[in-house]
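Visitor: Before I ask anything, here is the structure I am working with.
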Amino acid sequence: MGNTHAPRARIPGGARRRALRIGLPLAVLAVAIATGSAQADGAAPGTVSNALAAVGSIAAAPAGAKAAAEPSDSTAINVDIALQPRNAAELATYAELVSDPNSLSYKQYLTKEQTQLLFAPSQSEVDGVRTALTAAGLNPGSAIDDNLYIPVAATVGQLKQAFKIGFAGYELTDGQLAFNATSVPKISGSVADEVKGIIGLDDFVKPNDDYQTAGKRGQKAAVSAAMIASKTAATHNNSVIPTMCPSLTSTTDSYLAQYGYVGKDGGTYYSPTAMASAYGYAGLLESGTEGQGVTVAVEEWEAPDRQAIADYENCVGSQSKVSYVSDNAGTPAQPTPTNLVGVETGIDIESVASVAPKASIIDYEGPDDSASFTDADWLDTFAAPVAADSAKAISLSWLSCETGPIDTTLEDGQTTTLQLAAVQGQSFFTASGDNGSEGCAEPEPSVSDAANNPWITAVGGTYMQGLTNPTVTPWNDSFDTSATSGLGLINDGGASGGGVSTLQSFTSDWNYQAGFLAPGYSNVCGVSTGGACRQVPDLSALGDWRSGFPVVYYADGSGYDILMVAGTSLASPITAAMTALADSSDRCALNGPAGFINPTIYNLAKNPTTYAANFQDETTGNNAYTPSGYTGSLYQATTGYDMASGLGSPKARNFIPSLCASNTWTGGWSFGHSPLGLAPEHGQASIDKTITIEAAEERSH
């Protein structure tokens, strides 16, 4: 997926009188960036060796894997050659500053042109690496995602020869077959410094759409698309709040009845109207803040049922415009009433359309999960909406296991993508997982990836009851046999994912979770004194199917099929959609998009008054996932932050405006008139000049 977005000014000139700056601690970075630029534009002194050099890393074989036949040389797979971002340290620093409400650089976002000039590998570097790959017998594609990755489609035999590696085969504990490189790849030493590593040399990690639903077949509504449109106009009565049409309401009631539940909106399920009431954003919709002018991206690795999504929008009266961006590999498995293909996409798109009914939605479709699915197939879709920079909010409902065989080069790639999202003012949300404190569904605490990354907002799930001031507890039906017995629940019930990361951590210099060590925390990541391991989740939203969300997942000429769904796969897009409401508000139009919200929401939680105003604290329950065999008690909900619910559930009436807080900077710069604003026309020298001027201004402030 390439960079197809036409760059534009992030915030219209005159909308806010703010400095677009490289900020406070970057005074010493002007020389570093200027030096990096000079090296990118010209040859480095000395002679570079053409001898082969090892780059990056490979994943370790998962525990319990047995040796199996290695993949044949004719097996075709996709890999990405990951390039080093330009000014990587500066990227991390500015991502911190632009997201920190206590920084003078808060919300001083960069445009796509500016992020590319500052942080994307130069075209000369890309060309050099592509030349080396071609010389090694490969056929590299054009660089994608801000020039950070060069995609290569090749056979195992070609990769063996090009990178001087072997491949081994494995049988995993679940019986699946997999492969992995047997050594770290090698490339020409002339370009080794520009290459971070090779992503995709194994197929251990598969994306998991960990949603929850009762049964494996939904309830049929025998009503045509034309009938939905004709019979629902009266239902909506020009209401700006999406309202379920009669056919969806009656089908939902019938669906619940087969499991012994009485349909109760705001109890056994939540319609769009009930959610607006329970979370408190109904008034915002009625005042005209409906997501207009904002785009939300959802990421999928399956084909959607486009007719089902259109029928749902017609039924509830949402005006969201949905578009689809498909990976070249395609999604050959198509939805049917029984294969559940497209359910995850339906959850994501329909929940966003229900919360932010005038937002635009882009569905990024990656390739189907297959025997040859590699990390490159994951990362290309993961990074696509950040590279395009069209969406202000991004939701990811697919995940993998942190303690699985994850390649560190992939982890670094995800971090770079998320930091770029932060400096561009994009909000990135992900599901925290549906296996509770045992994220890998094994009898020991663990968390999910990418929820473990400090640069993403991890969203847990809740059980909710009531239409106003609802009662909310962490989602956990894994222990409630009366609720799940005989229902054929996928994954035997679930619980809100949360816990401590073994891989990701904060330093003493940057840690928005400082002061929020939850009960049960331990230093499982081995961070040095002053730092802390990443804790998951950050907040929570609707995620228990017993108070779930009716989704239209399949439709044809005879009507549509619904399921009652939930899981953190629902919680993530709901939160992304609330952020879209913030971004469409007058307050955010004045002060800037919400961007990476974690530093802001933890800053709100430091003050008891603003915490109570913005979050509903969940103080009872836990997220122990008993089907894994786990018998411990991690993690308990308690007052304040905990790893069963994060900071709690948003009180949207206050939470949404809080995401649009202003920057404290009162300098006289206007966007588009600073040297940095002119950088697209005048190049790196303009950025270097900006850094020097701004650093001096910061010192005198």
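The values are calculated or read from the model by the stated rules, or taken from the named source; none is laboratory data. Note that the structure is predicted; figures quoted are calculated from it, not measured. Please note: Cβ atoms are built from the backbone with ideal geometry, for glycine as well, and neighbour counts cover all protein chains shown. The protein model used for the area step is the full one, side chains on, heavy atoms only, and it has no ligands, DNA or RNA in it. Shrake-Rupley method; radii C 1.70, N 1.55, O 1.52, S 1.80 Å.
Visitor: Ordering K164, K196, K606 by how much accessible area each has at a 1.4 Å probe, largest first, what is the list?
Guide: Ranked list, largest accessible area first: K606, K164, K196.
Visitor: Let me ask something additional. Would you please give the residues with an amide H less than 5 Å from that of Q504, counting only those at least 5 places away or on a separate chain, with H modeled from the backbone geometry?
Guide: So Q504 has HN proximity to R534.
Visitor: Per residue, how large is the accessible surface of the range 420-471? Use a 1.4 angstrom probe and give square angstrom.
Guide: So the range 420-471 comes to 20 Å² accessible per residue, rounded to a whole number.
Visitor: Further, regarding this structure: Using a 1.4 Å probe, what is the accessible area per residue for the range 70-136, in Å²?
Guide: Each residue of the range 70-136 exposes 32 Å² on average to a 1.4 Å probe.
Visitor: For the range 296-440, give the percent of accessible area contributed by carbon and sulfur heavy atoms, probe 1.4 Å, rounded to a whole number.
Guide: That fraction is 47 percent.
Visitor: Next question, about the same structure. Ranked highest first by the average count of other Cβ atoms within 10 Å around their residues, in what order do 431-437, 418-424, 392-398 fall?
Guide: The densest-packed peptide leads the list: 431-437, 392-398, 418-424.
Visitor: Right, next: With a 1.4 Å probe and all protein chains left in place, how much of the accessible area of the range 525-665 comes from carbon and sulfur atoms, in whole percent?
Guide: Ligands and nucleic acids excluded, carbon and sulfur give 49 percent.
Visitor: Among the aspartates and glutamates, which have Cα under 19 Å from the Cα of K220 when same-chain residues fewer than 8 positions away are ignored?
Guide: D253, D305, D311, E313, E344, E350, D556, D561
Visitor: About the Cα centre, and with charges only on the beta carbon of Lys, Arg (+1) and Asp, Glu (-1), how big is the dipole of the range 48-129? Nearest 20 debye, please.
Guide: 180
Visitor: Please give the peptides 176-187, 330-341, 134-145, 98-109 ranked by average Cβ packing (other Cβ atoms within 10 Å per residue), highest first, as a rough proxy for protection.
Guide: Ranked from most to least packed, the peptides come out as 98-109, 176-187, 134-145, 330-341.
Visitor: Also, I was wondering about something else. Could you pull the accessible area for E299 with a 1.4 Å probe, rounded to 10 Å²?
Guide: 0
Visitor: Per residue, how much accessible area does the range 250-349 show when a 1.4 Å probe rolls over the protein heavy atoms, in square angstrom?
Guide: Per-residue accessible area for the range 250-349 comes out at 35 Å².
Visitor: Can I ask one more? Past 30 Å, Cα to Cα: identify those pairs from K160/K392; K112/K358; K66/K164; K392/K606; K392/K651, in the order given.
Guide: K160/K392
Visitor: Oh, and also: Going highest first, how would you order 352-358, 521-527, 493-499 by mean Cβ packing within 10 Å?
Guide: Ranked from most to least packed, the peptides come out as 493-499, 352-358, 521-527.
Visitor: Report in % the part of the accessible area of the range 44-116 that belongs to carbon and sulfur, leaving out ligands and nucleic acids; probe 1.4 Å.
Guide: 53
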